[in-house]
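Heads up, the thing below is written out as structure tokens.
Please treat every number below as a calculation from the coordinates, not as lab data. Keep in mind it's a predicted model, so treat the numbers as computed, not measured. Quick reminder, even Gly has a Cβ in these numbers, built from the backbone with ideal geometry, and neighbours come from all protein chains shown.
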Amino acid sequence: MSKSKEATPPEAETEEEYSVEKVLDRRLTKAGKVEYFLKWKGYSNDDNTWEPEENLDCPDLIAQFEEARKKKEAEKSKQKADEEKEKKKRKSTSTPTPVPAKKKVIEEKKAEGFDRGLDPERIIGATDSSGELMFLMKWKGTDDADLVPARIANEKCPQIVIRFYEERLTWHSPSQEEDLSKAENE
């Protein structure tokens with residue numbers, strides 16, 4: 001029986017201790033714990049794993065990795081600062097060049113409303129949300145509609161503007177008003 005007490009438990013015999021060859025990366029878990037991505041001695045890169053810091057017994061390798069990581073970060077921040085200085089220097093010494101995206105927007109703005117060369121078909125609606133009366137104009141031969149200033153529509157297509165207003169007019173004759181008054185009094 002004394003021999004059985006001295007014998008190691010079966011799970012301890014089967015458990016191997018792995019040696020870390022190199023620390024490759026570092027990350028923080030959602031719980032805020034640090035994990036390291038490890039290359040194991042005697043194993044391929046396919047066997048690399050993320051391990052919690054508290055499970056590791058390789059302080060020298062971790063310190064070496066952290067020092068290299070800090071150097072890389074310092075180089076990146078220095079490089080970024082140099083790039084910013086270079087950008088500022090370029091801006092101050094060079095003549096400004098037009099940005100193609102802005103140019104495209106300007107071209108698109110020119111190609112709205114009557115500038116598109118289309119004939120107006122009818123006015124769909126009106127708004128003054130921009131502080132100026134605007135008509136939503138439907139164009140002949142297309143499903144497109146554009147907001148156009150009313151002052152321009154009044155000049156370029158007055159008959160369409162008149163038709164728009166006529167469609168929305170309601171006439172009240174004295175006989176209708178009398179009929180309404182009688183109906184309300186009864």
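Multiplying the sequence separation of residue 86 and residue 167 by 0.36 nm and subtracting their Cα-Cα distance, what value in nm do you get? List each step's numbers first, then the result.
Details: separation 81, 0.36 × 81 = 29.16 nm, distance 6.34 nm.
Extra length from residue 86 to residue 167 when fully extended: 22.8 nm.
I need 160, 124, 152 ordered by Cβ neighbour count within 10 Å, fewest first.
Values: 160 18, 124 11, 152 14.
Listing 160, 124, 152 from fewest to most nearby Cβ atoms yields 124, 152, 160.
Show me 134-146, 161-173 ranked by packing, highest mean number of other Cβ atoms within 10 Å first.
Details: 134-146: 15.5, 161-173: 9.8.
Top of the packing list down: 134-146, 161-173.
Let me know the charge dipole size of the range 49-91 about its Cα centre in debye, to the nearest 20, where only the beta-carbon of Lys, Arg (+1) and Asp, Glu (-1) is charged.
980
How big, in percent, is the set of alpha carbon pairs in the range 110-168 lying more than 17 Å apart?
30
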